[in-house]
């Protein structure tokens with residue numbers, strides 16, 4: 001599969017598995033899984049053939065590892081980022097001392113006043129690496145990286161989880177735990 005088709009397929013998978021499965025005649029189970037066969041049939045019914053081998057290639061080569069197969073390989077889901085209600089079943093995890101969030105500079109005043117909120121998603125997404133947060137922020141405009149004092153927030157009993165692809169998830173981050181990250 002060529003690069004252009006892989007990107008297009010990945011974006012379509014994100015739409016189906018994170019945001020709008022019903023538009024493709026699919027229903028996610030409570031943990032976000034859908035049978036692979038049903039997904040492939042949905043692609044065909046929409047006039048876009050996708051083979052299991054091509055799906056395997058998209059899942060394996062996605063740079064952010066957005067998708068995962070069940071242990072038996074019969075089901076697929078998005079690793080995080082859902083706007084539809086799912087319970088990924090992720091256990092609470094002890095975060096590193098600092099986590100990072102990338103955003104556009106224009107959103108900085110509101111975030112510093114109100115904190116980080118999930119907006120249309122189920123969770124706030126955080127990264128353990130500055131470089132990843134910078135890439136995320138750049139998708140939305142001039143990037144800014146915020147440092148989250150995750151250790152102090154966790155010490156208050158605030159829960160963190162980490163997805164299978166390494167994205168840290170939490171419900172909110174109050175403004176008192178945020179600072180603008182500057183390169184050393």
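Things to note:
- Of the set (1) loosely packed, with under 15 Cβ neighbours inside 10 Å; (2) within 22 Å of residue 19 (Cα to Cα); (3) touching a helix residue (DSSP H, G or I) at 6+ places or on another chain (Cβ under 8 Å), all apply to residue 142 but (2).
- Selection count, region 140-169, where residues are within 17 Å of residue 129 (Cβ to Cβ) and within 21 Å of the chain's Cα centre (by Cα): 17
- Filtered by the rule that a residue be within 25 Å of residue 125 (Cα to Cα) and free of Cβ contacts under 8 Å to residues at least 24 places away in the same chain, region 30-67 gives 59, 60, 63.
- Candidates are the residues of region 108-119 that are surrounded by fewer than 13 Cβ atoms within 10 Å (Cβ to Cβ) and out of contact with any helix residue (DSSP H, G or I) (no Cβ under 9 Å at 6 or more places or on another chain); the one that is farthest from residue 173 (Cα to Cα) is 109.
- Residue 150, sole failed condition from (1) without any contact (Cβ under 8 Å) to a residue 60 or more places away in the chain; (2) surrounded by fewer than 18 Cβ atoms within 10 Å (Cβ to Cβ): (2)
- Output for region 154-173, where each listed residue is more than 19 Å from residue 78 (Cα to Cα) and touching a strand residue (DSSP E or B) at 6+ places or on another chain (Cβ under 7 Å): 158, 159, 172, 173
- Unique residue being surrounded by 20 or more Cβ atoms within 10 Å (Cβ to Cβ) and modelled with pLDDT of 90 or more when the list is 159, 155, 133: 133
- Flag if residue 77 is modelled with pLDDT of 90 or more and under 24 Å from residue 128 (Cα atoms): yes
The values are calculated or read from the model by the stated rules, or taken from the named source; none is laboratory data. It should be emphasised that the depicted structure is a prediction, and the values quoted were computed from it without experimental measurement. In this analysis, Cβ positions are derived from the backbone assuming ideal geometry, glycine residues included, and neighbour counts consider all displayed protein chains.
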